[in-house]
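Please read the structure below before turning to the comments.
The values are calculated or read from the model by the stated rules, or taken from the named source; none is laboratory data. Quantities reported herein were computed from a predicted structural model and do not represent experimental measurements. So basically every Cβ, Gly included, is an ideal-geometry build from the backbone, and we count neighbours across all protein chains shown. Side chains are part of the model used for accessible areas, which takes the heavy atoms of the whole protein and leaves out ligands, DNA and RNA. Shrake-Rupley method; radii C 1.70, N 1.55, O 1.52, S 1.80 Å.
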Amino acid sequence: MKILKTIVLILLIAFLAIQFLPTERNESDVIPKTDFLLVNNPPENISTLLKESCYDCHSNNTEYPWYNKIQPAAWYLEDHIKEGKAELNFNEWENYSDRRKNSKLKSIINQIKDDEMPLSSYTLIHRDAILSDAEKKTLIDYMTKIKDSLE
């Protein structure tokens with residue numbers, strides 16, 4: 001029993017200690033001129049869907065949830081956001097070549113069709129990010145229209 005108490009105490013101390021380790025926050029007050037929404041000027045419903053379902057992980061400005069300061073959740077968020085931005089950063093859209101834009105648009109369309117995006121781990125907490133079938137169709141149609149205009 002004494003060993004169990006010691007293990008619990010060590011784990012508690014470790015948990016408290018990691019709370020002081022900082023994470024890099026993905027926050028910016030600036031919306032660059034290269035942003036997808038500025039460049040393409042989509043209808044308000046498309047802008048809203050993208051902001052609610054995509055921009056937290058795929059832009060330079062994340063709206064963090066209440067648990068973002070609790071480790072190890074903060075590390076998970078930081079890693080997840082870095083991976084998302086490395087794959088697609090809507091704030092840098094205009095910097096992409098037409099070929100890369102075309103590729104990204106195909107990927108966006110396919111991932112929405114296949115229910116791969118937004119991630120279920122994200123929508124578990126962010127219920128407003130869940131896309132209805134009608135919203136998926138709206139986004140897919142809009143992204144297809146942009147893709148077709150590049151060709």
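Things worth noting here:
- Charged neighbours of Asn102, selected by a Cβ distance under 9 Å, balance to +4 (K, R count +1; D, E count -1).
- Only helices enter this figure: runs of n ≥ 4 DSSP H residues, each worth -39500 (n - 2.57), summed and divided by the residues of the chain, yield -17500 deg cm²/dmol at 222 nm to the nearest 500.
- In the structure shown, the pairs Lys101/Lys145; Lys85/Lys145; Lys82/Lys145; Lys33/Lys145 are assessed against 19 Å; a Cα-Cα span above that value is assigned to Lys85/Lys145; Lys82/Lys145; Lys33/Lys145.
- Highest-first packing order for the peptide set 84-97, 14-27, 63-76 is 84-97, 63-76, 14-27, based on the mean count of other beta carbon atoms within 10 Å.
- The chain - charge dipole about Cα centre, Lys and Arg +1 at Cβ, Asp and Glu -1, debye rounded to 20: 480 debye
- Residues in the chain average 66 Å² of solvent-accessible surface per residue, probe 1.4 Å, ligands and nucleic acids excluded.
- Here each label is just a point 7 Å from Cα along the line to Cβ, and for Arg100 and Glu151 those points are 2.2 nm apart.
- Top positive-direction residue, dipole computed over the chain with Cβ charges, set Ala73, Leu119, Phe36: Ala73
- Reciprocal of mean inverse Cα separation for region 2-150 (Kirkwood radius, Å): 17.1 Å
- In region 1-129, the portion of solvent-accessible area held by carbon and sulfur atoms comes to 59 percent [1.4 Å probe, whole percent, DNA, RNA and ligands not counted].
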